1. For the range 249-269, enumerate the residues that are surrounded by 15 or more Cβ atoms within 10 Å (Cβ to Cβ) and outside any helix (DSSP H, G or I).
2. Kindly check whether there is at least one residue in the range 270-278 that is at pLDDT 95 or above and open to solvent by 50 Å² or more (accessible area, probe 1.4 Å).
3. Does at least one position in the range 221-234 carry a residue that is farther than 30 Å from Ile36 by Cβ, among the aromatic types (Phe, Trp, Tyr), assigned to a strand (DSSP E or B) and open to solvent by 30 Å² or more (accessible area, probe 1.4 Å)?
4. So how many residues does the range 113-145 have that are surrounded by 12 or more Cβ atoms within 10 Å (Cβ to Cβ) and under 28 Å from the mean Cα position of the chain (by Cα)?
5. When the range 146-169 is examined, which residues are found to be farther than 19 Å from Phe352 by Cα and either polar (S, T, N, Q) or within 23 Å of the chain's Cα centre (by Cα) (or both)?
6. Name the residues in the range 172-220 that are among the small types (Gly, Ala, Ser), surrounded by 15 or more Cβ atoms within 10 Å (Cβ to Cβ) and within 23 Å of the chain's Cα centre (by Cα), would you?
7. Here are some conditions: (1) under 20 Å from Arg207 (Cα atoms); (2) open to solvent by less than 90 Å² (accessible area, probe 1.4 Å); (3) touching a residue at least 40 places away in the same chain (Cβ under 8 Å); (4) touching an Asp or Glu at 6+ places or on another chain (Cβ under 9 Å). Lys64 meets all but one. Which one does it not meet?
8. Could you list, in sequence order, all residues of the range 73-85 that are open to solvent by 60 Å² or more (accessible area, probe 1.4 Å) and modelled with pLDDT of 80 or more?
Amino acid sequence: MNVRYLVELSQAERGELMTMLSGGKHAARKLKRAQILLAADVGCGDDEIARTVVVGGSTVYRTKRRFVEGNLERALSEEPRPGAQRKLSGKEEALLVATACARPPEGSARWTLELGGAMVKLTEHKSLSHETVRRRLAENDLKPWRKDMWCIPHVDGEYVARMEDVLDLYAEAPSRKRPVVCFDESPVQLIGEVRQPIPAKPGQLERYDYEYRRYGTVNLFVVVDVHRPWRKVKVTERRAAEDYAQCMRELVDVHYPDAEYIRVVQDNLSTHSAGALYQAFPPAEARRILRRLEFHYTPKHASWLNMVEIEIGVLRGQCLDRRIDDPKRLRREIVAWERRRNAKGARIKWMFTTDKARAKMGRVYPHTSKES
């Protein structure tokens, strides 16, 4: 069997398979076939591959055969399987989708797989199995028994005024005397391993146990400069008004000591206020700091307008997407990430402007009676 179907991957094929295993969303069967091909390429026997990848010997044999007789795409894809004719016609499937998107029957909070009963009444079918309904809904990416909580903003004059204020700040020319920074905070869980992970090796992903141990949470205060490639992350045990006030003082005295005043874009959290500085410092000190600050607030339910939200997403993806249980180690890792990103000159390329907002969102802008 091994002599007949000898797998020899090219460098490009090997790279494609490694990329597939390292990230992205792929079906479990496709990932297993990729592991089989990589293991066969380095000379592993069929029995060893079957044990390592946890598949049957026939799966190993078929995958290798389809690669040798066809190509990589054929080896990774599903073979067409003969089966019965689809029970629902195209029109009936469209009716199923429309019904699933409609209001559920009285007395029900949402549609379930019992949707088949409603279809029986609407079509000539005598019965429809739950599996038929599930498959057709899955093909149309529908799960009517689930729903997302979403914040639907009310766009009024205040919303538009704050949005355009922030967008105009982003569009201004850089100014050392009047820098624009975006500020926000984000919680991070400290999570540790219960069992030691198994390192990755050719043909096998890194393996870690689903069980973990929590060690509490810490808070990240993140600042990013709108007009230059600079960001700062501060790790604190909490996010109280006093911690926020300390960040504002550091902005004034440490990060921008030569600026006339600093324009800070932030959201509407209750601690993001001038009053927080009076809670943390004597009145004279609070007033001194506030003379150097100018607050600009994003609209309520519009955190997407705060550029620092993008930076926090980058931080989470590049640095925090793993289990870290020690606050000291977390600080070291974040400092290393911050220095590397600043050294690379990484910046956020903001494309949304006031003109684009008026063009794309004009229909939801408030209208006056004098408008034609």
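The values are calculated or read from the model by the stated rules, or taken from the named source; none is laboratory data. Since the model is a prediction, treat every value here as computed from it, not as a measurement. Reconstructed Cβ throughout: ideal geometry from the backbone, glycine too, with neighbour counts over all protein chains shown. Side chains included, ligands, DNA and RNA excluded: accessible areas come from the protein's heavy atoms. Shrake-Rupley method; radii C 1.70, N 1.55, O 1.52, S 1.80 Å.
1. Tyr256, Ala259, Tyr261, Ile262, Arg263, Val264, Val265, Gln266, Asp267
2. Taking every residue of the range 270-278 in turn, at least one turns out to be at pLDDT 95 or above and open to solvent by 50 Å² or more (accessible area, probe 1.4 Å).
3. Within the range 221-234, none of the residues are farther than 30 Å from Ile36 by Cβ, among the aromatic types (Phe, Trp, Tyr), assigned to a strand (DSSP E or B) and open to solvent by 30 Å² or more (accessible area, probe 1.4 Å).
4. So the answer is 9.
5. Arg146, Lys147, Asp148, Met149, Trp150, Cys151, Ile152
6. Ser186
7. (1)
8. Within the range 73-85, Glu73, Arg74 meet the criteria.
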